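To start, the structure itself, in structure tokens.
Just so it is clear, none of the values below were taken in a lab; they were calculated from the coordinates. Because the structure is a prediction, the values reported are computed rather than measured. Here Cβ is always computed from backbone atoms with ideal geometry, including for glycine, and neighbour counts include all displayed protein chains.
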Amino acid sequence: MLSVVGPGRGILVNVTVVPRTHQGTRLYSLDALRALLVAWIIGGHALLGYSAVGGWAYDEVNEVTFMPSAELVLAAIFGPSALFFMGTFFLIAGLLTPRSLRRKGTSQFVSERLLRLGVPFVVSAVILWPLVIWVAYLSAGRTVSYSFLLSGRERMFDSGALWFAEVLLIFSLVYAGWRWLAGRRDNERQRVLHSTSQLWVLVVTLVAATFLLRVAIPARASAFGDVHLWQWPQLGAMFGFGVVFASSGLAERVPSRLRRSSGLTTLVTLLVVPVLALAIGVDNLAADMGPFLGGWSWQSALLATIESVLVVFGSIWLLGIAQQHFISGGRIRDGAIRSSFAAFVLQGPVLIMLAVALRPLPAPAEVKAPLVGAMGIVLCFGLGWLLVSRTKVGRLL
């Protein structure tokens, strides 16, 4: 335990610093948080498939969409989480990457990342995802070619949800390369996260970077490989933040004062967002979201600000909550944790095929989307568990 006085504040904060020699083990709380986020994302993608705003491949062929009022309510409830949950994933990855690299060495680390992240991405982008999208188009009465599926859609060389693996692989390889080049000249100093002022510095920096990038590359802009370039300031910042504080014990324990202040900031922001949206006249997401996606507009600056506050404080808060409550498990929770990455990989085919199967059902989107989401979560984790526990593919996933 290390006591640190916050600069200029006179606040004594207890911070747990974990010796590097003990950081090779897996952390149950992080694994459990990751599994919970995977389930949430699967459900969110199911809803997006029936939204007018879009954001999931089934929106290209969906037979029904939410009523504007229903979509607005869903956006108020689930929308803010979409602004920062992927950043939380990258924070977790950043916290775990340095210890993995130290334990395995550069060569083994790189080869394992290429196998675990690169292979699923390539298989999905070249074979699995085009096949699934072809089935979706066929169910809508449209016959499309393989070349169209690869490059004719708005999302070029799309891999579904596996863009996450693609971007994480890029970040991991860059970090490994930097550590290899630095060698012994750069020892990993133990940095301590001791005050919210450090988080606010990150927020301000992230707001500026996000806003400026989206002047040139608006949010949701298409790019080869669907790499989500418009989201890179957030993803890169959270991955880098995790790397910087990986040796401080942050993965094991977020200081209680920091957890509480981050939680308060996150909850206030989540409550303010829907009220603010109504106050500035957003009542139809599909029609009103354009100015928020990028350009020299106050709307774009506002979204960048909200997104940055949520991803920084929300991620730290979720990390602290997981460390408090996800400390032991049972058979179901342990199975979900073990199969979470497999569930993430499988979500694209599972959700699309469920939507295709429910297509003939004469029901509105308000009925179909929750059905697809609930069944999708169960099936993804169930099939994922079978895959990792009963097949050799489990070594990869």
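Looking at the chain as a GNM with Cα springs under 10 Å, which of PHE344, PHE224, PHE381 has the largest mean-square fluctuation?
PHE224
Neighbouring Cβ atoms within 10 Å as the yardstick, rank ASP283, ASP226 fewest first.
Exposure proxy ranking, most exposed first: ASP283, ASP226.
I'd like the Karplus ³J(HN,Hα) series for segment 203-218: coefficients 6.51, -1.76, 1.60, θ = phi - 60°, whole numbers in Hz, and an x wherever there's a Gly or Pro.
Values, residue by residue: 4, 4, 4, 5, 4, 4, 5, 5, 4, 5, 5, 6, 5, 9, 10, x Hz.
What order do you get for TYR28, TYR146 when you list them from fewest to most C-beta neighbours inside 10 Å?
TYR146, TYR28
How large is the helix-only mean residue ellipticity at 222 nm for the chain, computed as the sum of -39500 (n - 2.57) over DSSP H runs with n ≥ 4, divided by its residue count, in deg cm²/dmol to the nearest 500?
So the helix-based figure for the chain works out to -20000 deg cm²/dmol.
If one takes the longest principal axis of the Cα atoms in the chain, at what angle in degrees, from 0 to 90 and to the nearest 10, does the Cα axis of helix 85-113 lie?
Around 70 degrees separate the two axes.
Quick check on the exposure proxy: order LEU346, LEU128 from fewest to most C-beta atoms within 10 angstrom.
LEU128, LEU346
From the backbone phi of segment 361-368, what are the Karplus-calculated ³J(HN,Hα) couplings (6.51 cos²θ - 1.76 cosθ + 1.60, θ = phi - 60°) in whole Hz, Gly and Pro given as x?
Ordered by residue, 3J(HN,Hα) equals 5, x, 9, x, 4, 5, 9, 5 Hz.
What's the FRET efficiency of SER145 with ARG191 using the Cβ-Cβ distance as r and R₀ = 56 Å, to the nearest 0.05?
Computed FRET efficiency for SER145 and ARG191: 0.60.
When the chain is modelled as a GNM with alpha-carbon springs shorter than 10 Å, which of PRO68, PRO360, PRO349 fluctuates the most?
Taking springs between Cα atoms under 10 Å, the residue moving most is PRO360.
Once you have the alpha carbon radius of gyration of segment 280-397, what is it after dividing by 2.2 N^0.38 Å, with N set to its residue count?
1.45
By the scheme Lys and Arg +1, Asp and Glu -1, what is the net charge of all other residues having a beta-carbon under 13 Å from that of VAL372?
-1
Explain nothing, just compute: Karplus ³J(HN,Hα) = 6.51 cos²θ - 1.76 cosθ + 1.60, θ = phi - 60°, for every residue of segment 274-280 in order, whole Hz, x for Gly and Pro.
Coupling constants for segment 274-280: x, 5, 5, 4, 5, 5, 9 Hz.
On average over all directions, what projected area in square nanometres does segment 160-247 have, based on the convex hull of its Cα atoms?
Mean orientational projected area (segment 160-247, Cα hull): 7.0 nm².
Taking the Cβ-Cβ separation of TRP178 and SER256 as r and a Förster radius of 25 Å, what is the calculated FRET efficiency to the nearest 0.05?
0.15
One quarter of the convex hull surface, Cα atoms only: what value does that give for segment 330-397 in nm²?
4.9 nm²
How large is Rg over Rh for segment 273-312, taking Rg from the Cα atoms and Rh as the Kirkwood inverse mean of 1/r across Cα pairs?
Rounded to two decimals, Rg/Rh equals 0.96.
Just need the Rg to Rh number for the chain, please, alpha carbons only, Kirkwood Rh.
That ratio equals 0.96.
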